[in-house]
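The values are calculated or read from the model by the stated rules, or taken from the named source; none is laboratory data. Because the structure is predicted, anything quoted here is derived from the model rather than measured. When we count neighbours, we look across all protein chains shown, and the Cβ atoms used for this are built from the backbone with ideal geometry, even at glycine.
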Ligand code: OOB
């Protein structure tokens, strides 16, 4: 797709990062040079490469270079820390780690050092910027000697799941299925060569990558503008300067933008469509988008595993405000079922199952997750509770599983609990989601200390030292003496979390 655009319009700007403006020709040359450079290091087609960049142009040079070399990117978010990156590297058997030296105040070089010590399969570390002891990205520039274009039905990259259980699972997406999803999305979202897409969310997240996101925009020959932060202070001047037409946000950011827009001196009139997704956008907030920002709202309900739903640009206001859209394709099969797997009538909440042209049939190398997450006939169990409405529109009601959707970032309660109980002063811990007016949900950890008293700040500090992303550090820590058990003795973790949550909400309602 990149070669085609580079031939058709080599001098048109493809990617804008601050003062840097890479044309399609330039991006194409970098992709070729990096591909040859990566192979010259000794990486072999099929090798997995953990890629961790913020919203910077290098991301594009590197991933298109990897595709061309037949190497498989494993997308880490810039917010991930050692625990998560090491998990991705181990799980994928990665041969290399590629990152920028610094981003958003964090230095990735010590992380790379620790990673190399922890993950024996890792043979190379490539760094953009000041590479220190590692291989500089600028040195990975070669010529010729590329394998042919990759098999379109082969796995293109591994994306990380925001699931409920344990550590993140790896999602294998193929060139075919991914291109299908953003090409079809382009049609639905009106993306053409005139589109200017602002990447406000993290560049490696599936929503800004493919719904239709930066990949859809590059496919259409439009322009991708990178925002180093999603705040109005950073994004609004970029919208004005680059005449951004389309962007995607999670609900808390949409609220922030709507609050800031009326007082801004920046011209936001180029913005045609604001997409909101990743977490439930309430109808009250959805109603305010057009008055506050002067653009159209599109709700997006998607998942890295595949299925994406959009409200359509010509849908009536009620649909755009009150639903999370309908699937991309007529070939998307959607089932809404009860606890026993029986289809429920339209309008009744149930578990959402999905199968279709771009929805995965299995996670990467994870038989037990596969047994849980897919039905025998290949439907993916999304874990979402939805209502199906006339016309196939979906309204998201909540989650069946135990994860916290904190401003669109998915946090597995189990993963965080495992870190908490690693503290020598903690006997047991359970983490639950609490409704939050801004974040949608925030996390609250219930902790049973061993003898010595603990402070919440100590627990949070310990979590940071565990090397996890900041968004996973519990927002609130509540100490309790014991977890309640039933007459029958045992309470499942799921039930325990539900009880703690109910008690917390009840006691806060009393004091309110
Ligand atoms: C997107 O992808 P993921 O993989 O980070 O998270 C998927 C989950 C969904 O299963 C659902 O629980 C939740 O995020 N979700 C929404 C939602 N969009 C996603 N819940 C309520 N309303 C929405 N509009 O988050 C993602 C991927 C592609 C496009 C958009 C979002």
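Among the candidates 115, 198, 170, the residue that is within 17 Å of the chain's Cα centre (by Cα), modelled with pLDDT of 95 or more and farther than 24 Å from residue 373 by Cα is uniquely 198.
Does residue 439 qualify as being closer than 30 Å to residue 319 by Cβ, crowded, with 21+ Cβ neighbours inside 10 Å, modelled with pLDDT of 90 or more and out of contact with any helix residue (DSSP H, G or I) (no Cβ under 8 Å at 6 or more places or on another chain)? For residue 439, the condition - closer than 30 Å to residue 319 by Cβ, crowded, with 21+ Cβ neighbours inside 10 Å, modelled with pLDDT of 90 or more and out of contact with any helix residue (DSSP H, G or I) (no Cβ under 8 Å at 6 or more places or on another chain) - is not met. If we scan segment 424-431, do we find a residue that is touching a residue at least 60 places away in the same chain (Cβ under 8 Å), farther than 30 Å from residue 334 by Cα and within 16 Å of the ligand (Cβ to nearest atom)? Taking every residue of segment 424-431 in turn, none turns out to be touching a residue at least 60 places away in the same chain (Cβ under 8 Å), farther than 30 Å from residue 334 by Cα and within 16 Å of the ligand (Cβ to nearest atom).
As a summary of the residue check, residue 140 satisfies the conditions (1) away from the ligand (no atom under 16 Å from the Cβ); (2) buried (at least 18 other Cβ atoms within 10 Å of the Cβ); (3) under 23 Å from the mean Cα position of the chain (by Cα) except for the one numbered (3). Could you say whether any residue in segment 257-275 is within 14 Å of the ligand (Cβ to nearest atom) and within 30 Å of residue 381 (Cβ to Cβ)? Within segment 257-275, one or more residues are within 14 Å of the ligand (Cβ to nearest atom) and within 30 Å of residue 381 (Cβ to Cβ).
Restricting segment 487-506 to residues that are closer than 15 Å to residue 428 by Cβ and loosely packed, with under 10 Cβ neighbours inside 10 Å, the residue that is modelled with the highest pLDDT is 492. Scanning segment 154-161 finds no residues that are over 19 Å from the mean Cα position of the chain (by Cα) and crowded, with 18+ Cβ neighbours inside 10 Å.
Of the residues making up segment 299-339, those that are within 13 Å of the ligand (Cβ to nearest atom) and farther than 24 Å from residue 161 by Cβ are 311, 320, 321, 322, 323. Taken over segment 352-403, residues that are over 30 Å from residue 430 (Cα atoms), in contact with a helix residue (DSSP H, G or I) (Cβ under 9 Å, 6 or more places away or on another chain) and surrounded by fewer than 20 Cβ atoms within 10 Å (Cβ to Cβ) amount to 4.
Please work out if residue 273 is at pLDDT 95 or above and under 30 Å from residue 362 (Cβ atoms). Criteria not met by residue 273.
In segment 171-196, the residue that is surrounded by the most Cβ atoms within 10 Å (Cβ to Cβ) out of those that are within 15 Å of the ligand (Cβ to nearest atom) and under 16 Å from residue 63 (Cβ atoms) is 182.
For segment 364-382, the condition holds for at least one residue, the condition being that it is touching a residue at least 24 places away in the same chain (Cβ under 8 Å), in a loop (DSSP other than H, G, I, E, B), within 18 Å of the chain's Cα centre (by Cα) and more than 10 Å from the ligand (Cβ to nearest atom). When 38, 60 are checked against the criterion of being farther than 23 Å from residue 201 by Cβ and either surrounded by 22 or more Cβ atoms within 10 Å (Cβ to Cβ) or within 27 Å of the chain's Cα centre (by Cα) (or both), a single residue qualifies: 38.
What residue, among those in segment 442-472 that are within 27 Å of residue 285 (Cα to Cα) and touching a strand residue (DSSP E or B) at 6+ places or on another chain (Cβ under 8 Å), is surrounded by the most Cβ atoms within 10 Å (Cβ to Cβ)? Can you show your working first?
Kept after step one, since they are within 27 Å of residue 285 (Cα to Cα), are these residues of segment 442-472: 442-444, 470-472.
Checking which are touching a strand residue (DSSP E or B) at 6+ places or on another chain (Cβ under 8 Å) leaves us with 442-444, 471-472.
Values: 442: 18, 443: 23, 444: 20, 471: 18, 472: 25.
Checking each candidate, the answer is 472.
Residues that are free of Cβ contacts under 8 Å to residues at least 60 places away in the same chain, at least 3 per element: which strands (runs of 3 or more DSSP E) completely within segment 246-320 meet that?
In segment 246-320, the matching strands (runs of 3 or more DSSP E) lie at 246-249, 296-303.
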